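Contents: one structure, followed by commentary.
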Amino acid sequence: MKDERFYKAYMEHRTVSRRGLLRGLLKGAQTISDSSPVNHHQKAEVIRPPGAVNEAIFQQSCTGCGDCVSACPEFLIVLNASLPELDFISNYCTRCDRCVQACSTGALQSSLFNINARPELNHACQNSYMYCDSCSGRCDKKAIQWQSGRAPVIEIELCDGCGECVFVCPVKALEMVVI
Ligand code: SF4
Ligand code: SF4
Ligand code: SF4
């Protein structure tokens, strides 16, 4: 049984493979009822892998197969309640795109490559008492502006959420937070 809303919402996001669309439709038919329309503005409460589609559609289309988990060379992706999340504890995303390529359902898409998290300064920056430019020096997106004797300015609109600045900060002053 097809769910028209799921189909429409899904096609707004991508051209999907037949296999992926069928999987999504089957899963959508199981979980969407007439009283629960697709919420196009639903935000994820956890950090999804790069290129994740809108959260409501993601939850419908991801089958929890774990292919993205296996594909990530940095071991960043974990399954939680059968859905993938990023765990930045031990590494950062190198933007290799392998997770997206591994996803056959369209839950992850290269055209949307971005991570729904941004770095936030949650502890004292070392540069306020000892020279440090570790984060700004490593940001490929030039999203961190170093400032003399104080914490850097993070331009979140330039950032794609890779988490490298968090990983390299010697005093763990930065933390990735869901946006
Ligand atoms: S883009 Fe590469 S490094 Fe980043 S989460 Fe996907 S597989 Fe892992
Ligand atoms: S590969 Fe795609 S469908 Fe499989 S767990 Fe990852 S996001 Fe979900
Ligand atoms: S998360 Fe990545 S892109 Fe964003 S500011 Fe940090 S290093 Fe730059």
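The values are calculated or read from the model by the stated rules, or taken from the named source; none is laboratory data. Here the structure is a predicted model, which means the values were calculated and not measured. Reconstructed Cβ throughout: ideal geometry from the backbone, glycine too, with neighbour counts over all protein chains shown.
Restricting the stretch 54-98 to residues that are farther than 18 Å from Ala117 by Cβ and of a type in the set (Gly, Ala, Ser), which is surrounded by the fewest Cβ atoms within 10 Å (Cβ to Cβ)? In this case the residue turns out to be Ala81.
Residue pairs whose Cβ atoms lie under 7 Å apart, sitting 6 or more positions apart in sequence or on different chains, and linking a residue in the stretch 86-99 that is more than 15 Å from Gly66 (Cα to Cα) and in the same structural domain as Pro49 (by TED's automatic domain parsing) to a partner that is small (Gly, Ala, Ser) and assigned to a loop (DSSP other than H, G, I, E, B), are Phe88/Gly163; Tyr92/Gly163; Cys93/Gly163. In the stretch 125-157, which residues are aliphatic (A, V, I, L, M) and either assigned by TED's automatic domain parsing to the domain that holds Gln59 or within 10 Å of ligand 3 (Cβ to nearest atom) (or both)? Hits for the stretch 125-157 are Ala143, Ile144, Ile154, Ile156. Of the candidates Gln126, Gln109, Gln145, the single residue that is in contact with a Cys (Cβ under 9 Å, 6 or more places away or on another chain), over 30 Å from Asp67 (Cβ atoms) and surrounded by fewer than 20 Cβ atoms within 10 Å (Cβ to Cβ) is Gln126. Scanning the stretch 125-156 for residues that are in a helix (DSSP H, G or I) and within 16 Å of ligand 1 (Cβ to nearest atom) gives a single hit, Arg138. Note on the stretch 157-179: residues that are surrounded by 14 or more Cβ atoms within 10 Å (Cβ to Cβ), out of contact with any helix residue (DSSP H, G or I) (no Cβ under 8 Å at 6 or more places or on another chain) and farther than 13 Å from Ile89 by Cα total 5.
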